[in-house]
Amino acid sequence: MTTATANYDLALTGGTLLDPGQGIHARRDIAFRDGRVAAVAERIDPAEAATVMDVSGKLITPGLIDLHGHFYHGGTGSAVHADQNCLSAGATTGVDAGSSGFLNLGAMRDYVFPAHRTRLLAFLHIGAVGLAANRVLGGGLQDLRIIDVDQTADAIKNNAGFLFGVKVRMELNAVAHWNAAEAMRQARAAADQSGSRLMVHVSGTPLPLPQVLDFMGPGDICTHAFNGNPESILDRQDQIRPEVRAAAERGVIMDLGHAGVHCDVEVVKAALAQGLPPDTISTDIHIGPPGRKVYLMNDLVSKFHALGMSLPDAVAASTSRPAQVLGLEDTLGSLAPGMAADAAVFDLREGRFVWHDMARHNVEGKVRLDTFLTVRNGSVVWREGRLTEMGPC
Ligand SMILES: [Zn+2]
């Protein structure tokens, strides 16, 4: 609530702002008004704000952007509740990676997503029902009659600002190997026809990875890029394959899509050593089989910091970089004045932390980002372990 005399709805004071998008890593106060960043300064008078949160000693970042998650909660068996899994991790934007196709898009757009406070965007699956039939049909591209390029492209064109591209899963269980190249071709056609971009799941691909990358151009997203399955980004000598290097150089985005099964620490270490860090850090958060470990955004930033990325680089890969990938860098991913009032505040906990992957590699680190509060659209939506206000679903 803004009082008659207050200039700002909310001010965060005393914290350290880490905002790679505007090149700031310094002590800053920040104030919000009407859903936008209104001021960033070394000192903002608390009397000017209706609500003031003292975040002295804590780290403020732009709200994190999770470029690959599954948020069609109730619409598919594997989708999670976004508010619990994003806001608790300092993520204010979640991008659903193909939970729906053009046939079951409406309920996600009109009922499920609006019932959340997290900003939710999506890629549309090239299969008409997305992941809804996964438990009976595996990945759903065994029979290519499930693909309709024209209707998929039309749905994306008709939902500009909400749908950002086409998702296709190149995975042995998801697509028959004799159909894989044709599925890629049709996904490429739908992306081109809609003027959008392609996000390709490459973990466990039935096609050789160079052949998959041949379909991809600047701005397309190679997700699960650091998986340890056959056809990984490394050759047998653990060197980055030349086709992968060439793809990265022409602007194909190397996205983490961590999940647990889709990120191998040894691949990450080799890639970091050879100058190929993830462009974007994302969770692939989903409800997996028992025992599958899926980390949220704050832990993945911490884990990649422990693996050797600087904290500014790891935060850039989860704020300004995914905003650029979506073409939303003018509104999201930074806390410059005028940008969306989406922010995260973390305690930088010091201690001994261990992160795992499914290949039984452990990563040990000394710092963990522990979410203190999350601001979405100018309001505190999550604070110290709890949602401040649940959506109605
Ligand atoms: Zn996924």
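In table form, for the structure just shown:
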{"read-out": "Test for His286: is it within 16 Å of the ligand (Cβ to nearest atom), farther than 18 Å from His361 by Cα and either at pLDDT 95 or above or surrounded by fewer than 24 Cβ atoms within 10 Å (Cβ to Cβ) (or both)", "value": "yes"}
{"read-out": "Selection from segment 245-277 of residues that are within 16 Å of the ligand (Cβ to nearest atom) and in contact with a Cys (Cβ under 9 Å, 6 or more places away or on another chain)", "value": "Ile253, Met254, Asp255, Leu256, Gly257"}
{"read-out": "Residue within segment 359-370 that is over 30 Å from Val252 (Cβ atoms), touching a Gly at 6+ places or on another chain (Cβ under 9 Å) and surrounded by 21 or more Cβ atoms within 10 Å (Cβ to Cβ) present", "value": "yes"}
{"read-out": "Asp220 vs. criteria under 15 Å from the mean Cα position of the chain (by Cα), over 21 Å from His125 (Cβ atoms) and modelled with pLDDT of 95 or more", "value": "no"}
{"read-out": "Identity of the residue in segment 151-181, of a type in the set (S, T, N, Q) and in contact (Cβ under 8 Å) with a residue 24 or more places away in the chain, that ends up nearest to Asp284 (Cα to Cα)", "value": "Asn173"}
{"read-out": "Test result for Ser282, in contact with a strand residue (DSSP E or B) (Cβ under 6 Å, 6 or more places away or on another chain) and hydroxyl-bearing (Ser, Thr, Tyr)", "value": "yes"}
{"read-out": "Residue count, segment 120-132 (criterion: part of a loop (DSSP other than H, G, I, E, B) and open to solvent by 10 Å² or more (accessible area, probe 1.4 Å))", "value": "3"}
{"read-out": "Breaking point among (1) outside any helix (DSSP H, G or I); (2) hydrophobic (A, V, I, L, M, F, W, C); (3) within 21 Å of the chain's Cα centre (by Cα), for Ala6", "value": "(3)"}
{"read-out": "Only one of Glu231, Glu243 that is free of Cβ contacts under 8 Å to residues at least 40 places away in the same chain, among the acidic types (Asp, Glu) and assigned to a loop (DSSP other than H, G, I, E, B)", "value": "Glu231"}
{"read-out": "Residues located in segment 69-97, provided they are in a strand (DSSP E or B) and within 14 Å of the ligand (Cβ to nearest atom)", "value": "Gly69, Thr76, Gly94, Val95, Asp96, Ala97"}
{"read-out": "Lone qualifier among Arg109, Arg117 - being open to solvent by 10 Å² or more (accessible area, probe 1.4 Å), in contact (Cβ under 8 Å) with a residue 60 or more places away in the chain and away from the ligand (no atom under 16 Å from the Cβ)", "value": "Arg117"}
{"read-out": "Selected residue (criterion: nearest to the chain's Cα centre (by Cα)) from residues of segment 73-106 that are farther than 23 Å from Ala128 by Cβ and open to solvent by 30 Å² or more (accessible area, probe 1.4 Å)", "value": "Asn85"}
{"read-out": "Test: Met170 is more than 16 Å from the ligand (Cβ to nearest atom), open to solvent by less than 10 Å² (accessible area, probe 1.4 Å) and either closer than 15 Å to Gly98 by Cα or in contact with a Gly (Cβ under 7 Å, 6 or more places away or on another chain) (or both)", "value": "no"}
{"read-out": "Of residues in segment 319-358 being more than 20 Å from the chain's Cα centre (by Cα) and among the acidic types (Asp, Glu), the one most open to solvent (accessible area, probe 1.4 Å)", "value": "Glu350"}
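The values are calculated or read from the model by the stated rules, or taken from the named source; none is laboratory data. Here the structure is a predicted model, which means the values were calculated and not measured. All Cβ positions, glycine included, derive from the backbone under ideal geometry; neighbour counts span all protein chains shown. Surface accessibility is based on the protein's heavy atoms, side chains included, excluding ligands, DNA and RNA. Shrake-Rupley method; radii C 1.70, N 1.55, O 1.52, S 1.80 Å.
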